[in-house]
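The values are calculated or read from the model by the stated rules, or taken from the named source; none is laboratory data. Model, not experiment: these values are computed from the prediction. Positions of Cβ are backbone-derived with ideal geometry, glycine not excepted, and every protein chain shown enters the neighbour counts.
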Amino acid sequence: MPRKVQERLDAADEILRALRSGEVDAIVASGPDGDRVYTLKGADEAYRLMIQNMGEGALTIAPDGLILFSNEKLASMLATPHERVIGSSFHNFIVPEDAGIFSALLTQKLAAGAKCEVRLKANGGRLIPVALSANRLKSDGVHCFCVIVADLTDQKRNEEVLHALSARLLRLQDEDRRRIARGLHNGAFQHLAALEFKLTLVGQDASAELPPAARRNLTECLELVGECCQDLGNLAYLIQPPLLEEQGLGSALRAYVNGYNRRLGPQISIDLPRRMGRLPAHVETTLFRVAQEALTNIERHSGSATAEIRFLRKPGELLLEIADHGCGISRKTLKQLNEGTGLSGIGIAGMRERIRQLGGLIKIYSSSRGTRVQVNLPTKSTRLGRHPA
Ligand SMILES: Nc1ncnc2c1ncn2[C@@H]1O[C@H](COP(=O)(O)OP(=O)(O)OP(=O)(O)O)[C@@H](O)[C@H]1O
Ligand SMILES: [Mg+2]
């Protein structure tokens, strides 16, 4: 074998050995413009050890996605031999639907680091949800990216379990409310109504013979029974308005707002389409509960004298807005609410979870001039058609 060929083979052998042992300090990429050499400076022993032993995947890539360096963790995540990971394009490991997200990440200003979530496809087809955080590096005048890959499989699984649990809790809560409201209406409310009727009869039959004190007591009893009926009716209505099941969201919202406006709280105006039509029962319940929770918040926290509810059916989506003109939510609380990290209450968290289960979005806009809760539900979502598990 000519010496030159032997030398080249030896050199190739050496590169392969270095690749396998993770000792690569440079990689040569051949392209239409000739060979490009990427050196991995600063890859000394301590640095290598730290990167190799960390719990996350780590890699260095060229701007076109060529993997110049990867640690063992990334190779094991991808179930691909380490030496095959290095020198491949990182784009090949990203599921096609998420390719745009990754490309966008590399075009962001990366001075302070940029983050995104994508799915990687491991050898064998397993999909791995990961969080990528990238930083731009400049080495020998050549731009590269340092990328840390955190496996989110466990986190996503836990989130799914939590979402399923919240969905069950919210559904049980709705069923309980329905049961309690029905129980109040068919039980205590009916008994009180009968009692009121009988007391009225007693009053009529015996009114002439009753001493004045007994007559006064009887009148007071009748008044008390009347108040109990009123309180129970209001309570049953707050728990589960009967109109929601019977006549749908529009009638239930109108009746609820009328009840609200009879009290001393904020005056609510309501803007609904003239012909609301019916939606699946669980969608109507969800939208009603969101409006109810938002109105409770307006009364408790906003100090606003007025508020508006608006409901629109647009092509492909439903829109519900509840707005007030009160003090607004502080910037800190709003950030916590939007990130789901707030510890104050469960009202907004519950609204968000209900809407999420239907594949919709809830946004809260707030300033010193008031707060607006905006809900968008896609009507084409398959989830609108069936009750979430
Ligand atoms: N319309 C509003 N105007 C002003 N602040 C609001 C408004 N809605 C919500 N907030 C603020 O956001 C916080 C969180 O609201 P959320 O409904 O999640 O909890 P809560 O009302 O405090 O308690 P819970 O609803 O569990 O009884 C409130 O404590 C309040 O500070
Ligand atoms: Mg609340």
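Miscellaneous remarks
- Inclusion of G125 among residues that are at positive phi, surrounded by fewer than 18 Cβ atoms within 10 Å (Cβ to Cβ) and in the same structural domain as C144 (by TED's automatic domain parsing) is warranted.
- Checking each residue in region 296-312 for being more than 9 Å from ligand 1 (Cβ to nearest atom) and either of a type in the set (A, V, I, L, M, F, W, C) or within 13 Å of L377 (Cβ to Cβ) (or both) picks out A305, I309, F311, L312.
- Residue within region 339-353 that is over 26 Å from R168 (Cα atoms), within 12 Å of ligand 2 (Cβ to nearest atom) and polar (S, T, N, Q) present: no
- Of all residues in region 312-333 being within 14 Å of ligand 2 (Cβ to nearest atom) and in contact with a strand residue (DSSP E or B) (Cβ under 8 Å, 6 or more places away or on another chain), the one that is farthest from I268 (Cα to Cα): I329
- Residues being more than 7 Å from ligand 1 (Cβ to nearest atom) and over 22 Å from the mean Cα position of the chain (by Cα) - total across region 313-332: 4
- Test: R275 is free of Cβ contacts under 8 Å to residues at least 40 places away in the same chain, surrounded by fewer than 19 Cβ atoms within 10 Å (Cβ to Cβ) and more than 16 Å from ligand 2 (Cβ to nearest atom): yes
- Listing of helices (runs of 4 or more DSSP H) fully contained in region 46-135 that carry 1 or more residues being charged (D, E, K, R) and within 23 Å of T153 (Cβ to Cβ): 72-77, 82-85
- Residue in region 326-340 that is in contact with a helix residue (DSSP H, G or I) (Cβ under 8 Å, 6 or more places away or on another chain) and either surrounded by fewer than 19 Cβ atoms within 10 Å (Cβ to Cβ) or free of Cβ contacts under 8 Å to residues at least 24 places away in the same chain (or both) present: yes
- Residue pairs whose Cβ atoms lie under 7 Å apart, sitting 6 or more positions apart in sequence or on different chains, and linking a residue in region 213-237 that is outside the structural domain of Y260 (by TED's automatic domain parsing) and within 12 Å of L192 (Cβ to Cβ) to a partner that is among the hydroxyl-bearing types (S, T, Y) and surrounded by fewer than 16 Cβ atoms within 10 Å (Cβ to Cβ), are L222/T200.
- Selected residue [in the same structural domain as I346 (by TED's automatic domain parsing), touching a Pro at 6+ places or on another chain (Cβ under 7 Å) and either β-branched (V, I, T) or surrounded by fewer than 19 Cβ atoms within 10 Å (Cβ to Cβ) (or both)] from A281, A305, A252: A305
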